Amino acid sequence: MANTTQNPKGNQENRSNPTMEKAKDVASQAYDKAKDVAGQAYDKAKDTASSVGGMVSNAASQVGKTAENLTSSAASGLRNLGDTIRENAPHEGMLGNASQAVANSLRDSGRYLEEAGLSGIGEDLTEMIRRNPVPAVLVGVGIGFLLGRVLRS
């Protein structure tokens, strides 16, 4: 005859096993869903950061182009001012020599700005500071002092 007595402990185990399995499945699905959502959030954040980085790079590039255009305009203005002084200033005597020297300096400065641009000026300034560090520091301190006095007033 078959054993019809039910083991209360065995019966409870049989009933809790499907419940445990269901809970494990739900937890596993929740974990997988959370993992997918986190991955999507990471991808979105990465794309957004890349997009922002591209926008910042474009803005910096545009600022650089604008600065180079302004430098070119300033260089052209210096050269034109030098030409104007050369044409309209006296050509003889002490005043003539001084005006011609100013005109030549303005033309040379304009030419230098056109040829070197801002990057060339930066490189030349860096090289000058490397060759003369103490005077460069003293000039920096002096400029800082003057700016401090002007801004305090």
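No lab work stands behind these numbers, since they all come straight from the coordinates. Every value quoted in this text rests on a predicted model; they were computed, and no experiment measured them. With ideal geometry, Cβ positions are generated from the backbone for all residues, glycine too; neighbour counts draw on all protein chains shown.
Data table
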| item | result |
| --- | --- |
| Cα-based reach from Lys44 at 19 Å (exclusive), listing aspartates and glutamates while leaving out same-chain residues under 8 positions away | Asp32, Asp36 |
| Choice from Val63, Val102, Val134 with maximal GNM fluctuation in the chain (Cα, 10 Å cutoff) | Val134 |
| Label-point gap, in nm, between Ala60 and Thr126 - each point 7 angstrom along Cα→Cβ | 1.4 nm |
| ³J(HN,Hα) computed for each position of the stretch 61-72 - Karplus, 6.51 cos²θ - 1.76 cosθ + 1.60, integer Hz, glycine/proline x | 5, 5, 5, x, 5, 5, 5, 5, 5, 5, 5, 5 |
| Full-stretch length increase - Ser76, Asn97 - with 0.36 nm per residue and alpha-carbon distance subtracted | 5.2 nm |
| Centroid-to-centroid separation of the stretch 67-94 and the stretch 105-153 [C-alpha atoms, Å] | 21 Å |
| Within a Gaussian network of the chain (alpha carbon springs, distance under 10 Å), most fluctuating of Gln29, Gln62, Gln40 | Gln29 |
| Among Ser99, Ser28, Ser109: highest mean-square fluctuation, GNM of the chain, C-alpha pairs under 10 Å | Ser28 |
| Tilt relative to the chain, helix 133-152 - C-alpha long axis, 0 to 90 degrees, to 10 | 80 degrees |
| Relative contact order, percent, the chain [alpha-carbon distance under 8 Å, six or more residues apart] | 18 percent |
| In Hz, Karplus ³J(HN,Hα) per residue of the stretch 34-45 (6.51, -1.76, 1.60; θ = phi - 60°; x = Gly, Pro) | 5, 5, 5, 5, 5, x, 5, 5, 5, 4, 5, 5 |
